[in-house]
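One structure follows; several queries about it will come next.
The values are calculated or read from the model by the stated rules, or taken from the named source; none is laboratory data. What you are looking at is a predicted structure, and each value in this text was computed from that prediction instead of being measured. We place every Cβ from the backbone using ideal geometry, glycine too, and count neighbours over all the protein chains shown. Heads up: the accessible areas ignore ligands, DNA and RNA and are worked out on the full protein's heavy atoms, side chains in. Shrake-Rupley method; radii C 1.70, N 1.55, O 1.52, S 1.80 Å.
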Amino acid sequence: MVSMETVFSAVALVAAPFAGGLLMGVDRKITARMQSRMGPPVLQPFYDVLKLWGKSPVITSRLQPILAFGYLGFSFLSVALLLFGGDLLSIVFTAALAEVCIVTVSMSAKSPYSYLGGRRELFCMLSTEPLMILSALSIYIVTRSFIVENVLTFEEPLLPLLPGAFIVTGIVLLIEMRKSPFDVSASSHAHQEIVRGVYTELSGYTMALVEVGHWIRTVLVLSIASIFWAPNILVGWGLALALLFMVILADNAFPRLSWQRMVKTSWALGFALIAANVLLLVVTGGATI
Amino acid sequence: MRLVTRARLKSPWILHFDCGSCNGCDIEILAALTPKFDAERLGVVNIGDPKQADVIVVTGPANPRSARALRSLYEQTPDPKVVVAVGACAATGGVFRNCENVFGGVDKVIPVDVYVPGCAARPEQIIDGLLLALRKLKEKDGG
Ligand code: SF4
């Protein structure tokens, strides 16, 4: 007998890419409004991906197609792990595998822009991975479990206990969505050459796959943010969307930093916030180590 | 209409190439993308990567120097694609017409689908030209 929860998770999994695409469309619309433009229709990301899918591709390295599928596949897997109540750490590692695919794709093509993009993507990984692991660890310190199912059934909402970890998730979202000030390896906007380094050698369906993978990863980080108010999923998603809005605001307010600054800033902020948060927990007796 | 064709008409990514213009038309192309004219509401994105472009927007007259680059960009752009020649220079050579290093319009080098007149062409005209190019794209698709 299939339980209600499994059916719900399966439906959510199928809906994830669509939700991601829609969020990207809303992002473009809000960004346009912030710049006093009208902006493209909300469904624009879907038009873009469909068009790319129908275009004849230019394959510049033999690894490109399989790794583009790998990026999408591992991104999907990480969301699936989350939805079916898997382990927070394995989710982080599966998401990292997807990232390895995109780095390899960019480095396998003989193009300096793409190569540099891949290198910079590695620095993005270097910035986000420790933060994700630290967030997961701090969740563990409170709930005594890495398993999403147990975290979701924890009696209290996590946000009042772990505000630091929530902000750190915001930083991860900023880097993951390739938004200013951390859009060093690629940008969601119409930039060129090195700013869109990772995308330089992609075209046609490989680009479409990577784009959908990117949507799914955004949904993944937002879902992780929604865990911070697990008792009520609606409040959780409200929080996640508020985080998304802050990211869009930051994108429009800040200039791009260099990748060195990105690594330094994200590490300094991330470690400090998590350390302060855990210290506070211990002092107030919210958790024991 | 096929779903992909419909999507194609709503998502023209442009590759902007300057063949040796006076820069007047290039400024107008960029103006078309700025908030005032906001060509992005039609899905237009200045992508700058020939592998991902659908519309090649060329300014300036064809000359031996830029012809090589132009041809290469045209070949790198995957099908289906359309070419829009913006400005008098790109159409016929314009004010540079009789210079000894100028072949004439860019159609001497690559096939052109749409000519946008003017010296410089206005942003409104350029957006019009892009829409006309999309209609041609649809015809090429058999739609
Ligand atoms: S058409 Fe006129 S404005 Fe445009 S590039 Fe030529 S000379 Fe300059």
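Ignoring solvent entirely, what values of log10 I(q)/I(0) come out of the Debye formula for region B:6-137 at 0.15 Å⁻¹ when each Cα is a single scatterer?
-0.61
Let me ask something else about it. With a ≥ b ≥ c taken as the square roots of the eigenvalues of the C-alpha gyration tensor of region B:60-99, please select rounded if a/c is under 1.5 and otherwise prolate if a/b is larger than b/c or oblate if it is not? Could you put the intermediate results ahead of the total?
Working: a/c = 4.79, a/b = 1.68, b/c = 2.86.
Oblate, since a/c reaches 1.5 and b/c is not below a/b.
Of the options A:Ala230, A:Ile30, B:Ala90, report the single residue whose Cα projects farthest towards the positive end of the charge dipole of the protein assembly as shown (beta-carbon charges: Lys, Arg +1; Asp, Glu -1).
Sorting the options by dipole projection puts first B:Ala90.
With the contact rule set at Cα under 8 Å and sequence spacing of 6 or more, what percent relative contact order holds for chain A? Can you show the working numbers first?
On the way: 451 pairs, mean separation 71.4, N = 289.
Relative contact order of chain A: 25 percent.
On to the next question. Give me Rg over Rh for region A:4-284, both radii from the alpha carbons and Rh done the Kirkwood way, two decimal places.
0.96
Next question, about the same structure. Mind checking which aspartates and glutamates have their C-alpha under 13 Å from A:Lys51, skipping anything on the same chain fewer than 8 residues away?
Here the aspartates and glutamates satisfying the reach criterion relative to A:Lys51 are A:Glu211, B:Asp54, B:Asp79, B:Asp141.
How big is the dipole moment of region A:74-204 about its Cα centre under a simple scheme where the beta carbon of each Lys and Arg is +1, that of each Asp and Glu is -1, and everything else is neutral? Debye, nearest 20, please.
380
Exactly which GluC sites (Glu not before Pro) in region A:114-189 are in a DSSP loop and have at most 15 other Cβ atoms within 10 Å?
Loop-located and lightly packed - A:Glu155.
Sticking with this structure for a sec: How many percent of DSSP beta bridges within the protein assembly as shown run antiparallel, rounded to 5?
10
OK, next. Over all directions, the average projected area of the alpha-carbon convex hull for region A:59-156 comes to how many nm²? Don't skip to the answer; put the middle values down first.
Values: hull surface 25.7 nm².
Approximately 6.4 nm², given one-decimal rounding.
Of all the stretches in chain A, which is the longest one without any exposed loop site, taking trypsin sites (Lys or Arg not before Pro) in a DSSP loop (any state but H, G, I, E, B) with at most 10 other Cβ atoms within 10 Å?
In short, A:111-289.
On average, how many beta carbons from a partner chain sit within 10 Å of the beta carbon of a residue in A:188-201?
Numbers: counts 0, 3, 9, 3, 6, 2, 0, 1, 4, 0, 0, 4, 4, 3.
Taking all residues of A:188-201 together, the mean is 3.
Enter the buried accessible area of the A/B pair, total of both sides, probe 1.4 Å, in Å² rounded to the nearest 100.
On the way: alone 13390 and 7520 Å², together 18600 Å².
By this definition, chains A and B bury close to 2300 Å².
What list of ³J(HN,Hα) couplings, whole Hz, do you get for region B:79-93 from phi and the Karplus terms 6.51, -1.76, 1.60, once you set θ to phi - 60° and write x for glycine and proline?
6, x, 9, 9, 10, 10, 9, 9, x, 5, 4, 5, 7, 9, x
Further, regarding this structure: Using each residue's phi in region B:3-12, evaluate 6.51 cos²θ - 1.76 cosθ + 1.60 at θ = phi - 60° and report the 3J(HN,Hα) Karplus result to the nearest Hz, with x for Gly and Pro.
Coupling constants for region B:3-12: 4, 5, 4, 4, 5, 4, 6, 9, 9, x Hz.
Magnitude of the Cβ-charge dipole of chain A, K/R +1 and D/E -1, about the Cα centre, nearest 20 debye?
920
Relative to the first principal axis of the alpha-carbon coordinates of chain B, what is the inclination of helix B:24-33, with its axis defined by its Cα atoms, in degrees from 0 to 90 and to the nearest 10?
10
Another question, then. What ³J(HN,Hα) values, in whole Hz, does the Karplus curve 6.51 cos²θ - 1.76 cosθ + 1.60 give for region A:119-134 when θ = phi - 60°, with x put for Gly and Pro?
4, 5, 4, 4, 5, 4, 4, 4, 7, 7, 4, x, 5, 5, 5, 5
Another one. Please give the calculated 222 nm ellipticity per residue for chain A, where each DSSP H segment of at least 4 residues contributes -39500 (n - 2.57) and the sum is spread over every residue; nearest 500 deg cm²/dmol?
Value at 222 nm, helices only, nearest 500: -24500 deg cm²/dmol.
If you take every DSSP beta bridge whose two residues both sit in chain B, what share of them, in percent to the nearest 5, is antiparallel?
Around 5 percent of the beta bridges assigned by DSSP in chain B are antiparallel ones.
Given a 1.4 angstrom probe, what's the average accessible area per residue across chain A, in square angstrom?
On the way: 12220 Å² over 289 residues.
On a per-residue basis, 42 Å².
Which of A:Ile102, A:Ala10, A:Leu279 sits farthest toward the positive end of the charge dipole of region A:4-284, with +1 on the Cβ of Lys and Arg and -1 on the Cβ of Asp and Glu?
The residue sitting most towards the positive pole is A:Ile102.
While we're looking at this one, here's another question. For chain A, find the longest principal axis of its Cα atoms and tell me its angle to the long axis of helix A:4-34, 0 to 90°, nearest 10.
The helix A:4-34 is inclined about 60 degrees to chain A.
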